[in-house]
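Read the figures in this text as sums done on the coordinates, not as results from a lab. Remember, predicted model here, so these are calculated numbers, not experimental data. Glycine gets a Cβ as well: all are built from the backbone with ideal geometry, and neighbour counts include every protein chain shown.
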Amino acid sequence: MRALIAISLVLFSGVSAHAANIPGSAIMLRALDKVTATTQDYTVKVGETLEYGSLSIDAVHCEKRPPEELPETFAFLKIRDARLDGKGQETQENETVFSGWMFASRPALSALDHGVYDVWVIGCKTPDIQLPDFNQ
């Protein structure tokens with residue numbers, strides 16, 4: 001009986017192993033134009049920039065938790081806004097309006113604060129996980 005208790009304490013002692021997050025190659029974004037009330041989905045490769053309206057969205061990094069963990073997607077974005085003069089001409093250098101991590105499950109936790117546009121993360125493209133074939 002004592003051996004069973006000792007084994008149980010070792011196995012369930014609160015020490016948990018966590019698998020590493022899976023880095024992605026592209027960030028899936030949803031953008032909302034508040035003026036026209038239209039949304040558009042985009043997939044932006046890490047290292048590339050998406051031009052959406054007056055915004056330039058740099059996809060810096062994304063990763064998601066492995067399948068055995070609670071689902072979550074993390075993406076680091078840098079968003080700049082081109083200030084226009086009303087005639088479509090830029091008046092100053094692009095201003096950084098957001099730089100940081102966004103979370104797919106909690107978009108309001110770290111959100112873009114812009115009068116015309118909303119941008120949020122909906123996913124991260126990761127390599128397909130190859131499961132072993134036990135039928136061989």
Quiz item: Among the residues of the range 59-70 satisfying the criterion of being of a type outside the set (A, V, I, L, M, F, W, C) and within 12 Å of the chain's Cα centre (by Cα), which is farthest from T96 (Cα to Cα)?
Solution: R65
Practice problem: Return the total of residues in the range 25-75 being under 17 Å from R106 (Cβ atoms), in a strand (DSSP E or B) and of a type in the set (D, E). | Solution: 1
Quiz item: Since A111 meets every condition but one in (1) closer than 30 Å to H18 by Cα; (2) in contact (Cβ under 8 Å) with a residue 60 or more places away in the chain; (3) not charged (D, E, K, R), which condition does it not meet?
Solution: (2)
